[in-house]
Every structure is written in structure tokens, then in C-alpha cells.
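What follows is one structure encoded as C-alpha cells, with my remarks underneath.
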Amino acid sequence: MAITDTHTDAPVLPDAHEPGFWDGRLRSYIPGKTLALPENLALHDSTAADVDPVTHEVVRYALLAANFEHSALLQRLCVSPITMLTRDFQTSVLTEVGDLVFLGPNLQYFSNSHSLSIKYILEKRAASIGVNPGDMFLSNDPYVGAPHQPDTALLSPVFIGDELFCWVANTLHYSDVGGSTAGSFCLDAIDTFQEPLSWPPVKLIDGGRIRDDVFELFGRQSRLPGAVEMDMRAAIAGNEATRSKVLALAERYGADTVKAVMRNTMDAAEALFVERLASIPDGTWSQRGYAESAVPGDDAVYTYQINISKQGDRLIVDNHGTDPQAGSINVTYAAFSGAVLAAITQSMTSDLSGAYGGVYRRIEFRPEPGLLNCAEYPAAVSPSGATTTETQLHLAVCVVAKMLSCGDDAARELVIGPCIPHWYCTICGGVDEEGTPWIFPNTNGMMGALGGMPERDGVDAGGHFWIPEGLANNVEDIEAQFPLVILYRKLLDAGADGAGRHRGGLGFVEGAITSGSGASQVALALGDSFAKGVGPFGSNPGTVAPFLVKHGTDVLERLAAGEIPGRVADFPGELRPVEAKVAPFAVGDGDVWEFVFPTAGGFGDPLRREPDAVRADVEERLLDVATAERVYAVLLRDGAVDAAATEDARRAARAARLGGREPGDEVTAPAGAQRVGELLYVVDGRWWCNGADLGAVTANYKDETLVREVRAREIAPEFAVPDYAHEMADRMVFREYLCPVTGYRIDTELSRADQAPLRDIVLAT
Amino acid sequence: MPDTNIYYVGVDIGGTFTDCVAVDDGGRVLHAKTPSTHSTTPVDGVLVGLDLLAAEAGVSTGELLAQADRLSHGTTIGTNLVVERKGAKVGLLATQGHHDALLMMRGAGRTAGIAIDQVYSVHRTAKPVPIVPRGRTVQISERVTANGDTLAPMDDEAAREAVRGLLARGDVEAIAIALMWSFRNPAHERRLRDIVEEEAPGMFVSVSHETSPRQGEYERTVATVLNSYVGPASSRYLDELASAVGERGLARAPFIMQANGGVVPVAVAQARPLTTIGSGPAGGLAGTAFIAAASGHSHVIATDMGGTSFEVGLVVDGAPLLSGEEVLDQYTFQMPHLDLRSIACGGGSIAHVDPHSGGLRVGPESAGSHPGPACYGTGTEPTVTDADVVLGLIDPDMFLGGRMRLDRDAAVRAVQRVAEPLGLSVEEAAAGIVQVNSFSAATLIRQQTIEQGLDPRDFVLYAFGGAGPVHAFAFAGELGVGEVVIPLGNGASTLSAYGIAASDVVRTFEQECRVRAPFDPAALAAVVAEVEARALDALEAAGFDRERVVLERTALMRYAEQFLQELPLELPRGELGEAEAQDLARRFDAEYARLYGEGARAVFHAVEVFAIRVTARVELGFAPQLGQDGAGPGGELTSDRQRDVFWPGEGRWVATAIHDGAAITDGATIAGPAIVELPHTAVAVPAGHRLRGDRVGNLILTLARS
């Protein structure tokens, strides 16, 4: 299944496809530059010429506030905890042709989702069933605009007179929309026919009247029809309220003025983005990442790749190097492009507070269909909200970081740390003592962890860049609802995982047992055989996150004796072999399980970390003294850094990397050298690192570095995994690309063992 | 001056000024405003303020205090300790395995309490500096479960060793004890406290089941830790204050203001300093409620625009609204407090031009009081106050009653910085700054009313704070409100101190429960009885007769598992029977539908009462005859003083009458355009608007019908 990648030649930009190729049926829908619209659809596209700066600001603020209020209303009204706590929803205001004006402060990879669905409606519905005042369309079709099926959009055109003025829209993650698995993450789906039904845009509200037939049909497919219908009513109310606000604004200031402000807001965003691209040289940057098991029982490792090319004042994104679609580990164009846009805007223009539409104008996608991250129908995509979409976010934010790190200081400062490559979670369920069924989708991954950044460490339990306000459950709130006891939930220790010049933010581990006499099962769990999160420019990968289960332990006896377990590993008991994607299994008295939400990747070589930052982590008891020495070669004496001993230890560590050769000192780059990442420069068309020549810039510098390679589970003791995971883990290697002078890492790479070093930075010459 | 005067004294220490108010039983209100003295001890500023009050009353400070029925005091010391991280070194004792809850902050620590348009940014958000570093957190081996059962017993000797280990660090100044499910079964917390008291007698200790007995270990731990964090310093300060005013003649120990809108005796405040955090702004809302009652206003939107922020609170049916969740420096906790929402929008808000859109933005950055607006002479950025000076809304020579002279040229230069790139005149730019700022303020008011299912037309808008009365015409006009009250006119800038002086003793007690509809009246009654007994015992212990304590009961309700919802509904006094229980379910239904629309009601989800809140009140008596000594001249007033004002709505310079606020007594009216100068602020009255005095001493701005 997996293809071997020996892709070391300069990537050639893929061609754009003909209009109509991306049809929304076999392939994902991608609108062309101009939309095919019926002539009888009147668009409002006139703008007032001179809007004074005060009116401009008042109207802009009012539109922004209307969208924020739309979000706040949904959050209050929805009953789905996924909406309420994890903020897995989004609202937006868009132009008459569906270009984004404002995106809410919620799930950021819904970035262009509404835009895609609206453009599809305009092209495929306007001429047939019509787009009319008072209408609302519903869609959850991943081949049109939805990231996965639970993410159902409600899209509302706003008319002024008989002219289509703009759109307001929301997407909620509905608790259950059907499919083979409760909660609609169907890991075992081999194609989309085991999944929830994908609804291309249908009219839910026709001229202000709700269509009961459609409403009931949508509720009918859900295991939780009451909650779904309640949330749908919230979605309708949210669109109605926002539409009224836009109309009131147009009434007061004039439709042309409001439209002028929309256009100008987009133009301003575009101008800002172009300005921030300016210092970055033209080139192409790439990142690879991995998934294990396309469906439960599959033992292959799959590759995803995202490439971003900068050409002057725009970016071109593609997915070449990705494996063909397989099992349930796919996404369509909507999630792929949504994740890439989120990574770009959150890195480069988050100060626009969601006014991102103008930025999108400068980003073109040229994906290849039929691959894991731009799948063709009928590939399964429903679990992607916990798996593949997060992988795309991780890859995309790493690619953007590499690109920005070739620019000036202002560009480099825009880098945000790598995020977590999966949404590690569990879904437990069962029947309680009174016979009542329960299901608990564990969304505590909201705790998150931010990766290391050029100017600061990642943030421990720092949430996620792509979902700013997500909130994990209190343990007490979980235990109040479900027959579970969360025995521990604590930060991971700082160690080799996530180590870097700036370390990754720490993740956490959570262990649980059942309580009461009901029957319980673990219905969904994600575990790693090898670490999947990485960090740029020499960092270690983030934590390997196995899902561990032990049956038949003496946990209850130990508790009764007053002993609280530290980790699952501390118990005697039978370790259940749990692979990356598992079928549901029962748990009961004496069983303990834990999942790890990993520490994020860091930034830069751990041996270049400020010794005082290492000392501070020890003082905070996040890191112990022995690990500080082993990972960072920092020696402490009486709580203070022993500078001389540290210098010696670091030199010795670098010498070991160089095979025993005495390392040289860092050399200042010549004037005019162009910096690439941390240690690498381009000087006169050649790669340069501390005086060493690493070949022509037209080739892969990695070929000229010193390379060390180890098995992924042997990077450090922190990366060890249970025996049952060795086979899978050993498909992966970790490579260090070392400066031949200093022994510092220029970069590291987690790679399938059969893959050649990725040429991930290609600069135009 | 008759000897029989009784004074009610209120003191409010703010970041910049200490405000003092004395109300005598004849209704006369005396004010003093003096710089706060945080750098030495805040008590110094209080004493200066009391001297100023006494001077105004024509008595000595000793006489004033001797004749005081009471002195009530609001302090920002707790907030300052937290924000400046100058609190005690707290040691935290937490359940093993859950000791990181405080550090992990539910993953939301980076964005909690951050303005909504700022949360997108990873670059500009960070977690706060930890209140308790991990090294001072000790794990206690014990575990209680959701129903209060002991899953793992606590070994007292092991716990004692853990406490000794913590104390052996030598740097622990206070202790917080927060164990899992302690509000269901406090046995371990109690034993642990005993151990701490044995090992460290006199140490300040907070236990979570007392400080914040609410479900949710993160927020409960935050409350407990903050209580200990501010405890020792607050306690020392209150002792110092109490002895200073006692030595000068105050007979009764001072009362201390809390965020819930009531005061407590010093000893209670010392044990529960957490409740005093945020008490200053609460004083403003309490004062509003008191004046509203005297003025016959049952529904009020109270707005306070100061130098850096704009705060909005509501009075509904005569009572200020309470809220549970509070965020302080990105730490979220549960504590009943008057519900005040705030945005960064005030006199110090900085104007700038968005370089790409060419729009005129105001805030959220603020010049604060340092460096302050350009016209203060130390700043250079154009602020809202600079715009006011440019427009002539504020007289640079009469700022703070003439005690601070503003530099108009500096204001013009600063505003010029935004005017030029916009191609506007400096006056037009200044008018734009005021309009944009007012639009932000109006948006917050709208979000607190219309967005919460309330119609602002049912409310009277009160405007106070240094920058409130100047801009009220603009933000009230934006909302379509017809009338604005500047409460107590001259007293509008010391309203918090007034509210503090007027407040009764109030304490709130809460208990979690889980009573689901159809409600079992016996189950509800049992929880209510338990909380009420606790409330009466506590008030008695604080020195009040049980008979004087008035109890109010509130059920906190939501749909089951709607953990972000908290809908408070009052419970009737007396016995809770079947009829009351059914009525409660009906009222929840109606209130939910009113707030969120008929369509939002869930027919499938169970309604639950998840906590009972009991508010215990002891009336302290505050019965001054509000109003002025005799009617003033009445009728339409004119003024000889004039200056040109550039009115934002008109876009031109208009000769405008300048009035002295003190002259506008009951029945007197003035017609706009006019500026009414008050000691610490000014009321702007545009053309077509009118201002009149009322019998309570308020100034009422009537907006032109547009």
C-alpha cells in the first residue's frame, strides 16, 4: 500500500486543473476563479466610494461584534458538550459570493468551510431550487465543504430587496449524526458507506419556513435526535439573529457602505499578508508526517506531506508525496485546505482577529486527488476530526514555520510552535447500575500543549493554536456524570520528549478505572507506537503516546490501603496489547487504563538551550536533575548552573555526535548571508553552516551533513514502547542532520525507515 | 452644626485615588478625593481623606469618627496582591494525582478572561505566572468519590510527614487545602487542617470546602489558593486600618466591603479575604442600587467609564444582579459577586489608524494613568481624553477641579498624529475618536441587555466614573436610550465610596446538590435547611443576633450537564412544598425561554437544581434623607460663561454655555449645548438635549429625540 518516497529532486509545482475537474461528486469541490451563476440571481456588488474612517470603524466593529455574538449565542444554547466546552463550532460572515469577511474565535480549521459550501450552493442550487430571501441551507458533505460529517453547516443568504447582499453561517459539531460508531467517528469504516450520510447542500428553510421533512430526516439518522434537533434550533436562531443585525446595519448606514467596509476589510487583510510575505525568499517548504493503521488490524505506516511554495506575493499549496487514500484515515479538500489556512493565518495574521478572507485570496491550492489528504469519493473521513485533520494542522504549522524562518526577524517571530498531531482521546460507554446507558467522549485533550517557538518555550497544558478557548472538563464534572474514577490527571514530566532550545509545552496523562457495578467498555482509543509530533530545526519529537490498559490489577485493594497509583506501569497486571486503532473492549473492576496527551515538539537543538532555562524547569520540579544532565547536558550544583561543568558536558555531547572528534565553535555568518532556520545560511548560492560548505543550494543540504540515525523507539528512554508495539515502531527512524563543525543539530527528521531524507527546503535560485 | 449628626462613612481605595464619602442623617453628602498611597501604606491615604472630610464637615477628624455610626471600607489590596504577584508564598495540599489542576488550568489559562478579539493570537497570549509553583504543591494520598465515599483513606501520619516536608522548605507563609470532592465529604480536609494547625500554629489556612464549596476542582482550588495568597497581607492591612481609625475615635470596628455588594466585620474579612476582591466596582453598583431605590428606578443599567475600562452592571427589580464565575488575572474561580462586565474602553484608550484599511481604531491599548493621555504632559499617544480636550468637552484648566492643568497643545499634537493620515482636521479626528469609543461602550451595554434577553428601553441608564458623564450623550444616543442619570451629580465620581457607606452586611453561602425535575420538595428543603443553618451560625459567630439575619434563598439551575449555564431563581421563604417545587420548574422554563427564545427550550433534557445559594443580610441602617437642603432656584438656568465646543454630532464649533454643577438643584434645568462642570468630571449636554436636577441630587440628561 505505502509507496516509497525517494523524492530528492526539486519539487516541480503541480499544474492547476481545468475548471470542473473538482466537481464535488467524485472529487472534492474546489470552486474556480469565477463562479458559474444563473443570470436571474441578482448580486449586490456595489460599494460606496468614500466611507469616512469613523463610519468605517463603526461598521467594521459592528460586523465583528455581530459575528462574536453569534458565537456566544450558540455556546449558550447548544446542549452538545463538544460545542459548549471544546468550542468545536464556528460562525462567519461572508460576501454575496461566499468569500470570508469574519471568522469567529472558535475552531479555526473551519476557515474556508462555509465559503466552499456557499459557492457550491450558488453554482449548483441557485438555478434549480433557487437561493431566495429567508432561505437556509444545510450541508455536512466533506466532498463539498465539511471537514467531516458531524460538522454540519447552516448557511443563510442575506438579501436586501431582491439582491443577494451577503451570507451568515455557522457550523456545529453535532453529537451524533449516525454511522457505524456512537459519536460518528467510524475508525473501522473502509469507505464512506459505513459512515454517517454526507448531505450535499439541501434547503432546510425555504423562504422563512422550516421544512419539517428535512428537519426530521436529519434528526432521524442520529442516535441522539433530541440533542441534535435542539442544537439545530440553536443554529437557526443564531443565523436569524445575525442576519437581522446585518440588515439593521445596512438600513442605518446604507448597503453600499456596509459592503464597502466588507471589501475594504478584506483588502486590508490581503495587504497585511503581502507585507508579511515580503522578506521571505521564493521557494518551497515541505513537511512529512505519519499515521499508523488505516483501519483496525492494518499494520502499515502511511505518509502525509504538505508543500507550500512562495512565488512573489502569493502561496501555492499542494500535497504531493502523500500516500494514496486508505481506510478511514483520509480527509477531503475541505479539511486539508481548512487546516492549512488555519496554520497560515494563526501564524501570520492572528492580529486580524478572524478577518482572514483577504489573506485567502493570496493562497492557491493545487492538490492531487486520490491521496490521503485530498481523498476521492467514496473514501471514509469521519474519524478525521480526531486524527487526520490534526495531522494536517501539525504538518502545515511546521511547513509555515520553516518558511517564516527563512525571512527577516519579524517573519521569524511569527512562528508558532508545532501542535499535537492527533486528538488523543477515548470514548467510554456502557450501562450504569440503574441500567441507564451512558457515553463519555473524553475531550480533555483541550488541555493541549503548545510547541516550542523561536522566542519562547511552548506552553504547558497551553491549549491549541487552532481552537483558542477550548476548555477541558474538571475531573469532578466527569465523575458526577459517569461511573468512572479518574485516578490521576497530571502534567507529563519534562524529558527528552519535546526537548529543544525552546522545549515543547508539556502534555498530560490521565488514568481511570470504572466505578459501580454497571458494564463499561472502551469504545474508542488512539494510541501511538511511535511519536508523531515533531519540532523544527533540531528539536526532539514530542511524546510517544501509547494507550495502556492493564486487566486484573489490585488497584482497588491498593486504594483501600491508601495508596494512589502513579501510572499504569506501576501495577502488576496483564498489559493488553492495544494497537493504534482498536476495536471496543470491555473494562471492569481491577482494570486500569491511561491515555497520554503528548508533550509538543520543541524548537532547535536541546544542547543550545539556555542552561538557566533548564535550571528553572528543575526548580519548578518539571524536570529532574539527572534528566537535565542526560537531555540538556546541563549540570546543576546546589540549585545553580555549574557553568564550567555544563560547558564541558555539552562539548562532550557534541563530540559524541561527531564520532569523538573535537567540536569547533560557532562561526558568525558572513555579511549578506541569508539565514535559514537556526544554524543554516545561504552564502553565494551555497549552503553554509558554521563555515562548512554543505553544497549548492540547488541540492539537498542534508546530503552533505553528518547524519545519525536511530530507531524511533530508541531516541531516548522516553520513547520506549511496549513489546507489542515494536514491530510498528521499528518502521520508523529518527535522523539528526548535524553541523559537521559544531556537532549541533541543523534539523531532525522522523521518517519511515524506507524513505530517503526529505528535501524540505528548496529556495529559488 | 448640630451635635446630633450621625455619619455614615465610606472609603474606597482605588489604584489612583482614595475616595471618601460621609453622609449625615440629614442627607448631606461630603466628598473627598485624595491620591492613594500604595507605596507606603494605603492607610495614610485613608487618614488624609478622613481629614479632608472632617474639614468639609467643619469638625475635627476625631469628632467625625466619634459621631460615625460606622465606617465601611472597600479596598483593592487583594486584587493588587494578585496582579502584582506580591501575595503570600502559599503551600498547596492537593489530592495525589490531581495536584497539577492549578497549573493545567483546564487548558484555558492562556485565554481565560482575555478580550474576545485577542484570543486568536498565540503570540500575544501566555499563561499567567503561577500563583503557587509546583514545588510548593504537596500531594496528599487520599481519595473521596462523587457520592462522598472514601475510596482511599488518608493516612494521617503520612499526611503529617507531607506537611512537615512542605514547612521544612522554610518559605511557606500560608497554606491552601483543596482535596477532590471535599464539599461532599470534608473529613480529610478537616483532619488535614488540624494537622497543619498543630504543625504550624498561627499559619493562615484556607480549606476548599469552606472557601468555595462548589463542584469543579480547578475553580475550587483557585479560590482556596487565592484566599490564602491574599490572606496574610490583607489581614495585616485590616488590623492596621482598624487600629488607626480606632485610635482616632471610631467606636465600632470598621466594616469591609465585599464583591457581593455587602460588608462584613473585619474579622470575617480577614478569614475570607477572597470575598473582598473586586469590592470597589461592586460599591459603585451597590451605590447605584441605593440611589435608584430613592429615585424610583427599579431597572438600571449602571455604567462606569474610567481611565482604562468601561464597566457595566445591571439592577433588576431593585437588586443588583449576581454572578458566580469570576476571572482574576486569567485564574477562574467561583464566588458570588455583583455581575460587572468590562471592556478596555475609557479616557486613556489610545487612537490609531489601521494602516491597511485606513479605519480609525480606538483601543484596546490604553495609556492608563502612566504615561497617561498626551495632555497630562507625560504621554504622547492620542487618547480619548485628548480628544475631549481638543473638542472643548473638557476644560484643560478645570480638570479635577483645577488641581491638575492639562496641556491642550499636547492634546492637539497627539490627535494630529491620527488626523493627518486620515486627511481630517484635528477636530474631526477628535470627534471621530469620541464616536468610535462610544460605539464600543454602547456595544457592551447592548451585549449585556439585548443579547441577554433584556430590553434596554425598560432600563434607566446611569453614567458615572471620571469619563462617564462626558460621553454619556454619545453612547446613550447610540443605544436609543432617552434618559441618563448622573447619580448624585457631584457625587458621581465617588459613587463607590457612597455605595460602600450605604451597604448592609451580606454573606453568601452555597452548597452543591443534584436535584432533578420533577423536584422532590423534601430534597430541596433539606439542602436549604442545611445552608441556612450554616449561614445563621456564621452570622451569629460574627456577632449578629440570629433574629436580625434576613435570609434569601436562590436555586442555581440549568439543564443537566450544561456546565456553563447558571440560571439563578429565587426560592420563596417558608416551607418548600409540592406547589413551590412545581412552580420552580415552571419558572425555569419561562426564564429560559425569555432569555434564549422559545425554540431553545429542551424537552428531552432534565432540569436540575445544582446548587443552593443563601444570602444572609443584616441591615445596618442607612436612612439619610436623600436630597438637598431646600429647593434651589429652579427653572431654566443660564450661564455667563461660554466657550466654543466642537460637538461630534454637529461637526462644527458651537458657542456653548458652561455651568457649575452645584447650581443645578432640584427643579433646575439647562438646555444644551452646555457643559456642566463637576469637581471630578463634566456632563456634556449637546444641542437639543436637556439636563435637570432632581430631589435626590441626581442630574438627569434627557436626550433629544432623533
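The values are calculated or read from the model by the stated rules, or taken from the named source; none is laboratory data. Source: prediction; values computed, not measured. We place every Cβ from the backbone using ideal geometry, glycine too, and count neighbours over all the protein chains shown.
Numbers for the structure displayed
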{"read-out": "Residues of segment B:118-173 that turn out to be in contact with a Pro (Cβ under 7 Å, 6 or more places away or on another chain) and more than 8 Å from chain A (Cβ to nearest Cβ), as a count", "value": "1"}
{"read-out": "Residue satisfying condition, being more than 10 Å from every other protein chain (Cβ to nearest Cβ) and surrounded by fewer than 23 Cβ atoms within 10 Å (Cβ to Cβ), within set A:D52, A:D45", "value": "A:D45"}
{"read-out": "Residue in segment A:293-314 that is in a helix (DSSP H, G or I), over 20 Å from the mean Cα position of the chain (by Cα) and of a type in the set (A, V, I, L, M, F, W, C) present", "value": "no"}
{"read-out": "Close pairs (9 angstrom Cβ cut-off, 6 or more residues apart or separate chains): at positive phi in segment A:197-212, among the charged types (D, E, K, R) anywhere", "value": "A:G207/A:D135; A:G208/A:D135"}
{"read-out": "Residue among B:R413, B:R405 that is charged (D, E, K, R) and either within 14 Å of chain A (Cβ to nearest Cβ) or in a loop (DSSP other than H, G, I, E, B) (or both)", "value": "B:R405"}
{"read-out": "Test for A:P577: is it surrounded by fewer than 20 Cβ atoms within 10 Å (Cβ to Cβ) and touching a residue at least 40 places away in the same chain (Cβ under 8 Å)", "value": "yes"}
{"read-out": "Which listed residue is of a type outside the set (S, T, N, Q), surrounded by fewer than 15 Cβ atoms within 10 Å (Cβ to Cβ), part of a loop (DSSP other than H, G, I, E, B) and touching a residue at least 12 places away in the same chain (Cβ under 8 Å), from B:G574, B:G543", "value": "B:G543"}
{"read-out": "Residues (among the aromatic types (F, W, Y) and assigned to a strand (DSSP E or B)) located in segment A:688-706", "value": "A:W688"}
{"read-out": "Filter pass, B:R587 being part of a loop (DSSP other than H, G, I, E, B), within 21 Å of B:P336 (Cβ to Cβ) and either more than 14 Å from every other protein chain (Cβ to nearest Cβ) or modelled with pLDDT of 90 or more (or both)", "value": "no"}
{"read-out": "Residue check, B:V312 surrounded by fewer than 24 Cβ atoms within 10 Å (Cβ to Cβ) and not in a helix (DSSP H, G or I)", "value": "yes"}
{"read-out": "Selected residue (only one of B:G347, B:G324, B:G359 is more than 13 Å from every other protein chain (Cβ to nearest Cβ), farther than 30 Å from B:E219 by Cα and crowded, with 19+ Cβ neighbours inside 10 Å)", "value": "B:G347"}
{"read-out": "Tally of residues being aliphatic (A, V, I, L, M) and in contact with a Leu (Cβ under 6 Å, 6 or more places away or on another chain) across segment A:344-388", "value": "2"}
{"read-out": "Residue count, segment B:476-514 (criterion: closer than 21 Å to B:A704 by Cβ and part of a loop (DSSP other than H, G, I, E, B))", "value": "3"}
{"read-out": "Residue in segment A:237-252 that is over 17 Å from A:V93 (Cα atoms), within 10 Å of chain B (Cβ to nearest Cβ) and basic (K, R) present", "value": "no"}
{"read-out": "Number of the condition not met by B:M305 [criteria: (1) more than 30 Å from B:E552 (Cβ to Cβ); (2) within 13 Å of the chain's Cα centre (by Cα); (3) surrounded by fewer than 24 Cβ atoms within 10 Å (Cβ to Cβ)]", "value": "(3)"}
{"read-out": "Members of segment B:35-69 that are surrounded by fewer than 22 Cβ atoms within 10 Å (Cβ to Cβ), within 24 Å of the chain's Cα centre (by Cα) and either of a type in the set (A, V, I, L, M) or modelled with pLDDT of 95 or more (or both)", "value": "B:V43, B:L47"}
{"read-out": "Hits in segment A:332-387 (condition: under 28 Å from A:G448 (Cα atoms) and aromatic (F, W, Y))", "value": "A:Y333, A:F336, A:Y356, A:Y360"}
{"read-out": "Identity of the residue in segment A:212-236, more than 14 Å from chain B (Cβ to nearest Cβ) and surrounded by 16 or more Cβ atoms within 10 Å (Cβ to Cβ), that ends up nearest to A:R76 (Cα to Cα)", "value": "A:F218"}
{"read-out": "Close pairs from segment A:670-688: first more than 14 Å from A:C406 (Cβ to Cβ), partner among the acidic types (D, E), Cβ under 8 Å, at least 6 apart", "value": "A:R686/A:D693"}
{"read-out": "Given (1) more than 15 Å from A:I121 (Cα to Cα); (2) among the hydroxyl-bearing types (S, T, Y); (3) touching a residue at least 60 places away in the same chain (Cβ under 8 Å), index of the condition A:S139 fails", "value": "(1)"}
{"read-out": "Positions within segment A:191-225 being farther than 20 Å from A:G430 by Cα, out of contact with any Gly (no Cβ under 6 Å at 6 or more places or on another chain) and part of a loop (DSSP other than H, G, I, E, B), in sequence order", "value": "A:D191, A:L197, A:S198, A:W199, A:P200, A:P201, A:R211"}
{"read-out": "Qualifying residue in segment B:189-212 (condition: within 12 Å of chain A (Cβ to nearest Cβ), part of a loop (DSSP other than H, G, I, E, B) and surrounded by fewer than 22 Cβ atoms within 10 Å (Cβ to Cβ))", "value": "no"}
{"read-out": "Matching residues in segment A:258-276 - criterion: being surrounded by fewer than 21 Cβ atoms within 10 Å (Cβ to Cβ) and more than 9 Å from chain B (Cβ to nearest Cβ)", "value": "A:R263, A:V274, A:R276"}
{"read-out": "Subset of segment B:291-302 [over 17 Å from B:R341 (Cα atoms) and either within 15 Å of the chain's Cα centre (by Cα) or aliphatic (A, V, I, L, M) (or both)]", "value": "B:I291, B:A292, B:A293, B:A294"}
{"read-out": "Spans of helices (runs of 4 or more DSSP H) in segment A:531-634 with at least 3 residues within 30 Å of A:A655 (Cβ to Cβ) and over 30 Å from the mean Cα position of the chain (by Cα)", "value": "A:611-619, A:625-632"}
{"read-out": "Residue satisfying all of: in segment B:375-394; among the hydrophobic types (A, V, I, L, M, F, W, C) and within 17 Å of B:R361 (Cβ to Cβ); surrounded by the fewest Cβ atoms within 10 Å (Cβ to Cβ) among these", "value": "B:V384"}
{"read-out": "Test: residue in segment B:547-565 that is away from every other protein chain (no Cβ under 14 Å), farther than 17 Å from B:V527 by Cβ and in a helix (DSSP H, G or I)", "value": "yes"}
{"read-out": "Test: residue in segment B:377-386 that is within 14 Å of chain A (Cβ to nearest Cβ), outside any loop (DSSP other than H, G, I, E, B), without any contact (Cβ under 8 Å) to a residue 24 or more places away in the chain and not small (G, A, S)", "value": "no"}
{"read-out": "Segment A:353-380, residues that are assigned to a helix (DSSP H, G or I) and either without any contact (Cβ under 8 Å) to a residue 24 or more places away in the chain or in contact with a strand residue (DSSP E or B) (Cβ under 6 Å, 6 or more places away or on another chain) (or both)", "value": "A:G357"}
